[in-house]
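One structure is given here, and the rest of the page talks about it.
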Amino acid sequence: MRISQLFYQTLKEVPREAQIPSHQLMFRAGMIQQLASGIYNYLPLAHKSLRKLETIIREELEKRGCQEVLLPYVQPAELWEESGRWGYYGPELLRFKDRKGGDFCLGPTHEEVITDMVRRNLKSYRQLPWNIFQIQTKFRDEVRPRFGLMRGREFIMKDGYSFDVDEEASKVTYQKMYDAYSAIFSRCGLKFRAVDAATGNIGGDMSHEFQVLAQSGEDLILSCDKCSYAANVEKAVTVRGEATPDSSLFEEVEKVHTPNSKTIEEISGFLKMDTNRFIKSIVYVIDEEPVLVLIRGDLDINESKVQTIMGANSVELADDNTVLDITGAATGFAGPVGLKRKVKILADYSVTEGVNFVTGANENDYHLKNINMGRDYTADILGDITFASEGDKCPHCEGILEEHRGIEVGQVFYLGTKYSKTMNCTYLDKDGKEQLAVMGCYGIGVGRTVAAAIEQHHDEDGIIWPAALAPFEAVVLPLQMNKEEVVQAGEELYGKLKDLGVDVALDDREERAGFKFKDADLIGYPLQIIIGARSLENGEVEVKIRKTGDKKNISLDDVASFVKDFLDKEKAGLS
RNA sequence: CGGGAUAUAGCCUAGUGGCUAAGGCGCCUGCUUUGGGAGCAGGAAAUCGCAGGUUCGAGUCCUGCUAUCCCGACCA
């Protein structure tokens with residue numbers, strides 16, 4: 001590509017709305033432009049990087065027997081009603097009607113469509129396993145899109161779905177995909193961790209996230225300093241079980257007047273007691289049924305764990321009316337003792353650690369002292385619903401958990417029969433018996449991965465592309481465009497590198513040297529091949545390695561093979 | 001969805017109720033220059049987010065709307 005013809009424009013100044021390095025640099029390098037909140041134009045430089053990532057994805061998946069398809073991104077509501085998600089998928093599912101008044105949505109994910117497609121073709125166990133993927137634009141009407149490609153509303157995703165005869169086979173597939181993802185992100189030159197993850201809305205009971213480690217990451221990861229355990233904070237197991245408090249220490253229940261003290265902080269200040277002497281009682285609506293959730297006052301409820309422990313599709317805070325209906329009091333005075341209406345109680349293990357807690361009295365402006373589980377109330381379910389945090393013990397060894405920030409670039413799920421059951425995706429086994437297909441699903445945020453690569457690889461001058469994702473692997477920079485021999489040498493080298501299969505650009509613009517250097521650093525070509533009049537007299541050119549800043553003088557004859565070797569090694573991850 | 005902020009040329013900004021809305025980057029023309037975003041001269045480019053209102057007079061004040069960004073909640 002001749003840079004003089006490239007559709008792009010670099011900027012010296014950072015647009016106001018760009019907050020994190022990848023967003024700023026992609027904008028400044030002329031890779032993306034915003035069209036609306038969370039919706040971007042991908043210019044040629046961005047598109048080239050995206051396509052390179054897609055190629056890596058395709059190679060690694062096809063190597064493992066996956067097949068590519070392309071499914072519609074406009075999807076009929078009927079399928080979503082069938083799976084049940086039309087009802088509880090929130091407003092991020094963009095719904096609309098066609099001219100006939102039929103309900104449709106823009107696909108945020110494709111479990112429904114793929115399951116429908118597969119069930120119409122699946123007849124016999126002989127056909128399985130199937131592992132089908134696509135790379136396509138998705139739409140999620142995020143409440144708060146941000147950070148450029150990191151969290152867009154419209155984004156490119158690779159999504160794949162596997163169908164196996166049974167759980168055992170499906171778990172083999174899961175491991176295969178886990179390996180594929182590790183290979184893909186390694187080839188991209190990314191430092192990442194695969195971590196245990198919650199399954200959230202998509203369901204299933206086993207999942208790993210692939211997290212690129214970066215300061216600007218939105219996810220919190222906890223990993224052991226001794227063993228390989230690592231998990232998203234939503235999922236990280238807390239080492240805590242049911243304690244058996246000494247009932248001889250139980251004191252008599254006492255009602256106290258606590259005007260205007262609703263939050264744990266307020267009441268803790270009012271009674272001059274530490275927050276861990278309280279039990280936080282919060283009413284949730286879990287799959288439309290109200291549940292009182294209890295946790296010690298100094299801890300927070302991990303809704304993701306609540307969802308898992310309850311096997312629920314949705315977990316939401318109850319509104320004030322529901323709270324009033326159940327407790328008979330305003331929000332802020334709920335407690336497990338003296339509820340107006342009997343509801344299920346879900347308690348964290350922490351409420352058994354210690355005795356004589358303070359809870360709401362289910363009466364405005366009153367709390368109860370010396371409340372103890374077993375004597376004063378019982379929990380229907382007791383379990384771990386807290387967040388783990390830095391410094392906690394590792395659940396697998398004697399190590400201590402450390403905290404990291406991560407960008408989730410991929411996630412693999414074992415789905416089991418969640419969708420095949422609701423959508424009746426079955427096959428006949430050897431004995432002619434109908435069986436449910438066992439599914440898995442696997443996603444990669446394509447744009448996000450490219451952005452994450454920039455987050456991890458940049459400096460104050462610009463992007464430092466891993467060779468595998470660089471829009472161009474190298475650029476030839478003839479410095480003196482008024483000198484015939486410099487221009488000539490540039491043209492020849494450019495042609496030679498192209499012939500060798502190097503994805504190379506030629507900066508043939510009538511610009512000064514400094515200008516071209518700044519642009520090249522910003523765009524982040526892994527190699528700059530600098531052709532200056534002075535070194536050319538010695539038959540040499542200079543090669544600058546963007547990653548290290550090293551410059552080498554290399555003879556004109558040898559430079560093409562040097563470039564080729566360097567890039568091959570980079571892409572193979574050998575350097 | 002709660003809280004906060006912003007909106008002036010493609011980008012970054014100035015503009016304290018008063019003359020023809022100013023500067024930098026970028027763009028075009030010419031000259032000069034050619035190893036780290038050069039210099040000089042000239043030029044094009046603005047419905048000051050939209051709609052009302054107050055005022056002799058509004059980019060500036062008021063009201064409503066819209067869009068965008070930030071913090072939080074949320075997020076396969």
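The values are calculated or read from the model by the stated rules, or taken from the named source; none is laboratory data. This is a predicted model, so every value here is computed, not measured. Note that each Cβ is placed from the backbone with ideal geometry, even for glycine, and that neighbours are counted across all protein chains shown. Only protein heavy atoms, including side chains, enter the accessible area calculation; ligands, DNA and RNA are left aside. Shrake-Rupley method; radii C 1.70, N 1.55, O 1.52, S 1.80 Å.
For the reader, a short list of remarks on this structure follows.
- For region A:101-239: rounded, prolate or oblate by the Cα gyration tensor [a/c cutoff 1.5]: oblate
- If R0 equals 30 Å, the separation of the Cβ atoms of A:D461 and A:Q33 corresponds to a calculated FRET efficiency of about 0.85.
- Given a 1.4 Å probe and the protein chains as shown, A:E54 ends up with an accessible area of around 30 Å².
- Net dipole in debye of region A:108-250 [+1 Lys, Arg Cβ; -1 Asp, Glu Cβ; about Cα centre; nearest 20]: 620 debye
- Cα gyration tensor category, rounded, prolate or oblate, for region A:254-361 with a/c compared to 1.5: oblate
- Each of A:V283, A:V355, A:A318 was placed along the dipole of region A:233-371 (beta-carbon charges, centred on the mean Cα), and the one lying farthest toward the positive end is A:V355.
- The residues of chain A expose, per residue, 45 Å² of accessible area to a 1.4 Å probe.
- Positive dipole terminus of region A:30-156, leading residue within A:C105, A:A77, A:F133 (C-beta point charges): A:F133
- Whole-percent carbon and sulfur share, accessible surface of chain A, 1.4 Å: 47 percent
- Taken about its Cα centre, chain A carries a charge dipole of about 1040 debye when Lys and Arg each add +1 at the Cβ and Asp and Glu each add -1 at the Cβ.
- For chain A, the longest principal axis of the Cα atoms and the long axis of helix A:446-456 meet at an angle of about 80 degrees.
- The convex hull defined by the C-alpha atoms of region A:220-260 has an orientation-averaged projected area of 6.7 nm².
- Over chain A, all Cα pairs binned in 20 Å intervals from 0 give whole-percent P(r) values of 18, 41, 30, 10, 1, listed from short to long.
- In terms of the mean number of neighbouring beta-carbon atoms within 10 Å, the peptides A:285-293, A:392-400, A:359-367 order highest first as A:359-367, A:285-293, A:392-400.
- Taken about its Cα centre, region A:4-84 carries a charge dipole of about 640 debye when Lys and Arg each add +1 at the Cβ and Asp and Glu each add -1 at the Cβ.
- Among A:L35, A:C394, A:G189 the positive-end extreme of the charge dipole of chain A (Cβ point charges): A:L35
- Here the simple spin-label model places points 7 Å from the Cα toward Cβ, and for A:E17 and A:K342 these points are separated by 5.5 nm.
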